Amino acid sequence: MKRRNFIKKVSATSTITFLAPSILPSGVYGRTKANNKINIGQIGCGRIARFHDMPGIMQYDNARLIAVCDVDINRMKDAKKLVENYYYNKTGSNNAVDVKMYNDYKELLQNRDIDAVVISTPDHWHAQPAIEAALAGKDIYLQKPTSLTVEEGRILSDIIQKKGTILQVGTQQRSMSQFRIAAELVRNGRIGKLHTVKIGLPGDPSGPETIKMEVPSNLNYDMWLGQTPLMDYTETGVHPKKGYSRPGWLRIEQFGAGMISGWGQHHYDSAAWGMDTELTGPVSVEAIAEFPKSGLWNVHGDFMSRAQYENGVTMYTSSGGYTNGIKYIGTDGWIFVSRGSYTASASDPVATNKNSKALDASDPKILSSVIGPDEIQLYKSYEHHGNWLDCIKTKTPPISTVEMGHRACSICLITHISMKLNRKLNWNPKTEKFINDVEANKMLARSQRKPFGVDYIKNF
């Protein structure tokens with residue numbers, strides 16, 4: 001079924017009721033003790049999977065990783081060893097788990113013993129396997145960015161909500177207490193009326209010149225490319241043949257938008273929490289950016305953007321111009337929040353930046369202010385993977401729902417479009433279209449290389 005027909009079908013037949021409330025009484029979603037383990041399949045076994053998602057799942061006794069999948073056979077085998085060694089060290093038993101291996105995630109999804117999947121694939125392989133996992137009846141932990149395009153993200157969100165799938169977007173800052181505290185303080189007026197938000201992001205360097213290489217025998221390169229156009233294989237453009245350092249595809253526009261979506265979705269999602277704009281978006285965006293003039297890596301370098309919201313808040317974003325984090329500025333002061341020294345993996349681009357405060361304010365008294373029982377209380381999660389597992393058991397919305405993820409990702413994507421067009425764009429967050437701009441609207445979707453991409457999913 002083509003995407004436009006699917007959108008019409010979903011709009012006509014589904015009643016969307018699965019949006020998580022942004023305001024909840026404290027402790028509504030506490031940890032649960034499982035009677036039965038949740039069997040998990042891992043799709044994508046690269047850097048983020050090995051150092052963040054797989055350990056994040058395996059630490060919990062109510063879940064068990066029983067299958068791994070990757071188009072790189074070597075990475076798939078490494079993942080099997082990692083999981084089995086973990087459970088051996090945890091239980092002392094050589095028979096704790098016999099991890100099944102899959103080279104094609106579609107085969108993994110057919111395994112009825114698997115209850116849920118973690119998707120830690122490259123950015124261009126997020127929406128399609130998530131949709132197909134939902135159609136297969138699996139709950140999902142999905143790494144960000146949520147989608148490669150706005151249109152693809154809308155299809156993803158609609159089908160997930162229609163199916164009632166428990167999908168947690170990997171925007172784990174929502175489960176870091178300082179981001180919730182900052183948002184609560186802002187939402188409860190501790191800095192007066194919010195008028196400005198400043199977001200700092202890291203940048204990416206331009207890349208080297210490369211030459212065509214022979215595709216390694218262990219890699220299904222055609223499937224790795226997926227919906228994107230055919231491209232000569234180079235190790236620099238995919239991932240290291242050995243080791244798990246930061247991959248080169250992160251710096252190629254064919255596979256994503258660069259730091260604006262790679263890290264931007266984290267901060268835009270967190271900022272929306274404090275701005276009370278989680279389920280909407282800006283009404284205009286304007287961005288300028290530097291792009292490499294040579295080399296394989298072609299995502300944006302330094303950039304500056306400005307987004308205007310209907311509630312009067314202006315959000316500025318800069319790579320290099322602001323400290324990595326979020327600064328809320330109101331009529332009575334400011335609050336700054338960041339990850340501090342936390343990184344999801346050792347090769348994160350800011351791993352050496354240990355000096356940023358996790359939480360700061362214009363007046364220390366702001367941070368010591370207590371949120372009263374009659375004030376706005378935001379959803380509390382103590383660990384992101386654990387929250388997802390708890391919500392699978394209780395059938396309740398997780399802290400980072402698919403619609404929240406789609407909205408945050410959309411800010412990244414429309415900002416990137418503004419970078420490319422080098423002009424201001426007016427945006428309608430209800431219709432998710434640019435206003436009176438045919439050229440910009442054409443960039444809300446991409447052509448997809450058959451048989452890959454959401455256009456070619458069967459059994460919608």
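The values are calculated or read from the model by the stated rules, or taken from the named source; none is laboratory data. Keep in mind the model is a prediction, meaning the values are calculated, not measured. In this analysis, Cβ positions are derived from the backbone assuming ideal geometry, glycine residues included, and neighbour counts consider all displayed protein chains.
Quick look at the values:
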{"read-out": "Residues of the range 267-293 that turn out to be surrounded by fewer than 24 Cβ atoms within 10 Å (Cβ to Cβ), over 19 Å from residue 310 (Cα atoms) and within 21 Å of the chain's Cα centre (by Cα), as a count", "value": "0"}
{"read-out": "Unmet criterion (only one of (1) of a type outside the set (Phe, Trp, Tyr); (2) over 21 Å from residue 400 (Cβ atoms); (3) out of contact with any Asp or Glu (no Cβ under 7 Å at 6 or more places or on another chain); (4) buried (at least 20 other Cβ atoms within 10 Å of the Cβ)) for residue 112", "value": "(4)"}
{"read-out": "The range 274-287 residues that are of a type in the set (S, T, N, Q) and at pLDDT 95 or above, paired with ones that are assigned to a loop (DSSP other than H, G, I, E, B) and surrounded by 18 or more Cβ atoms within 10 Å (Cβ to Cβ) (beta carbon under 7 Å, 6 or more apart)", "value": "277/309; 280/429"}
{"read-out": "Selection count where residues are crowded, with 18+ Cβ neighbours inside 10 Å and more than 30 Å from residue 235 (Cα to Cα), scope the range 294-319", "value": "7"}
{"read-out": "Entirely in the range 305-409, the strands (runs of 3 or more DSSP E) that have 2 or more residues that are out of contact with any helix residue (DSSP H, G or I) (no Cβ under 6 Å at 6 or more places or on another chain) and at pLDDT 95 or above", "value": "314-319, 325-330, 333-337"}
{"read-out": "Selection from the range 132-157 of residues that are of a type in the set (Gly, Ala, Ser), part of a loop (DSSP other than H, G, I, E, B) and crowded, with 23+ Cβ neighbours inside 10 Å", "value": "147"}
{"read-out": "Matching residues in the range 376-399 - criterion: being charged (D, E, K, R) and surrounded by 14 or more Cβ atoms within 10 Å (Cβ to Cβ)", "value": "380, 383, 390, 393"}
{"read-out": "Hits in the range 158-181 (condition: assigned to a helix (DSSP H, G or I), among the aliphatic types (A, V, I, L, M) and in contact with a helix residue (DSSP H, G or I) (Cβ under 6 Å, 6 or more places away or on another chain))", "value": "159, 160"}
{"read-out": "Among residues of the range 91-131, those that are modelled with pLDDT of 95 or more, in a loop (DSSP other than H, G, I, E, B) and of a type outside the set (D, E, K, R), counted", "value": "9"}
{"read-out": "Condition check for residue 141: in contact with a helix residue (DSSP H, G or I) (Cβ under 9 Å, 6 or more places away or on another chain) and aromatic (Phe, Trp, Tyr)", "value": "yes"}
{"read-out": "Counted residues, the range 226-260 - those being without any contact (Cβ under 8 Å) to a residue 40 or more places away in the chain, closer than 20 Å to residue 45 by Cβ and either in a helix (DSSP H, G or I) or not basic (Lys, Arg) (or both)", "value": "5"}
